[in-house]
Amino acid sequence: MENEYRRPRRGQKPRPGAPRAARPTDVNARRAPARDPVTVGPFFDMGIDPRINANLGPMGLTEPTPIQAQAIPHIVEGKDLMGLAQTGTGKTAAFSLPMLTRLIAHGRKPDPKSCRALILAPTRELATQIAAAVESFAEGTPIRAFRVVGGASINTQISRLERGVDVLIATPGRLIDLLDRHAVDLSKTEYLVLDEADQMLDIGFIHALRRIARTLPRSRQTLLFSATMPKLMEELASTYLTNPVRVQANPPGRAAEKIAQGVHFVNQGDKASLLAEYMSKHPGELAIVFGRTKYGSEKLAKLLEKWGFSVAAIHGNKSQGQRERALSSFREGKTQVLVATDVAARGLDIPEVAHVYNFDLPNVAENYVHRIGRTARAGRDGRAVAFCAPGEIGELRDIEKAMKAQIPVIGGEPPVERKAPPQGRGRGAPKPRQGGEAAPQKRAARRPSRRPKAEQRG
Ligand SMILES: Nc1ncnc2c1ncn2[C@@H]1O[C@H](COP(=O)(O)OP(=O)(O)OP(=O)(O)O)[C@@H](O)[C@H]1O
Ligand SMILES: [Mg+2]
């Protein structure tokens, strides 16, 4: 893949997000000889191109996951598809492998300033990770991918787009900026993928999505993927898909089974020391700590650092350079703890993450499923502990309702709950908080005027 970040030389840091098993082999891979095509195996049997197939074994993809087994044959056939599957079950490969296969099969050069396939992702870090994965899958094929996200030089992106690309991976905000500058033309784009598709209905994205969709040709193949919100996915499917196939592997909206979850009731002021206690029991193991606000997350990161933990923080108040450095040092295991806002809740794949701590409960219930899904990936185990202050009981119950499951209590005393009156919450329960980084998701239809947040816009 050609990108604004360069390929690492031997001995340098590997690309962020490249699937782990691929790293030893894909460093400097552009100059490495292409693998011989492989014409055996379950992915080949599902119609995946033999050159792509040759890359999968060394990346650890030998047997398809359920979502891959169910989705790939339909996508290879050219159908629109809505795919729902739990976190960490390989949705990236489920859409990338068959789409790349089709791009190779209908080989044509992209026109200048155009892309043949467009993948939209809600955050810069996720777009970067998807780009790295696509690049690894497409190694040794003629397919070239390019990532465009905010926080990086738009001029570099504009000049690379001049030649056109096969696969463009973008955050919606930066893509809109590029469309405004006539740097990219989507009128010949044949494939559209919305990863974390339900999030694209958020106020911060829906206008961008509508605008992008208007510039795409009607006859295209469209794929939607997420781990949550089947109803919202249906809404999107009815607007953007044509006769879609619906694939649901594992019960949608639920947490991945391999995550051992627990809730610990604790006063807000005691959360930091409790967190330190938990983390001290697992030295050397990677943990992500989710806070609600940028300010609170930064403060917590500083405190943990003072207490001797090796910490990095990622949130919307950090520069893109700081965000990238924080994430790569965490990916490489140089930092043990990543304190993050919901900017890191979706899609990020760091297989070594063993613990997720919800320092603050998310006030968008579905984000809980995504947050804890940063652990227990690709069949591994993981632990997720939620710290629930007395004022957060409303959020906790909303999360349990959304997951249709109770989170086991592993510490502290649950506060006495008043019975909610028939409509709305009880007086004792808090109203959902507004503002801050992770403000509740409002549907665009209700509040179309809010501007996307900078970190979401890409
Ligand atoms: N068939 C497979 N066999 C083994 N590992 C796989 C397979 N497919 C994907 N993986 C690995 O599983 C991990 C999770 O994949 P991926 O990030 O695509 O999950 P996801 O379903 O998109 O999760 P999320 O909902 O959190 O975005 C990655 O490390 C990937 O390399
Ligand atoms: Mg994903």
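Give, to the nearest whole percent, the P(r) tail of region 150-255 beyond 18 angstrom, counting all Cα pairs.
52
Which value in nm describes the separation of the simple spin-label points at Ile410 and Lys302, placed 7 Å from the Cα toward the beta carbon?
According to this spin-label approximation, the distance is 3.0 nm.
Take the alpha-carbon centre of region 59-78, take the same for region 299-331, and report the distance between them in whole Å.
35
Hey, got the Cα dimensions of region 31-248 along the principal axes, in Å, largest first?
Dimensions of region 31-248 along the principal axes of its Cα atoms: 45, 43, 29 Å.
How high is the relative contact order of region 259-411? Use alpha-carbon pairs under 8 Å, at least six apart in sequence, and give a whole percent.
Over region 259-411, the number comes to 35 percent.
Given points 7 Å out from each Cα along the Cα-Cβ axis, report the Lys109 to Ala276 separation in nanometres with one decimal.
6.2
What pairs from Lys281/Lys302; Lys91/Lys318; Lys188/Lys404; Lys231/Lys281; Lys302/Lys401; Lys258/Lys334 go past 32 Å between their alpha carbons?
Lys188/Lys404; Lys231/Lys281; Lys302/Lys401
Provide the gained length on full extension for the span Ser219 to Ser153, in nm with one decimal, where the gain is 0.36 nm per separating residue minus the Cα-Cα distance.
This chain segment gains 20.5 nm when fully extended.
Evaluate the distance, in nm, between pseudo-label points positioned 7 Å from the Cα of Ser187 and of Glu63 along their respective Cα→Cβ axes.
4.9
Sorted by mean Cβ packing within 10 Å, highest first, what order do the peptides 336-344, 277-285 take?
Ranking, from highest mean packing down: 336-344, 277-285.
Calculate the radius of gyration of the Cα atoms of region 193-279 to one decimal place, then report Dmax, the largest Cα-Cα distance, as a whole number, both in Å.
According to the Cα coordinates of region 193-279, Rg and Dmax are 18.8, 56 Å.
Compute the Cα gyration tensor for region 259-411, then decide on rounded, prolate or oblate, letting a ≥ b ≥ c be the square roots of its eigenvalues: rounded whenever a/c is under 1.5, prolate when a/b is larger than b/c in the other cases, and oblate in all that remain.
Rounded shape, in that the Cα axes give a/c under 1.5.
Each reported figure results from applying straightforward, stated rules to the coordinates on display, with no laboratory input. None of these values were measured; they are calculated from a predicted model. Backbone-built Cβ (ideal geometry, glycine too); neighbour counts: all protein chains shown.
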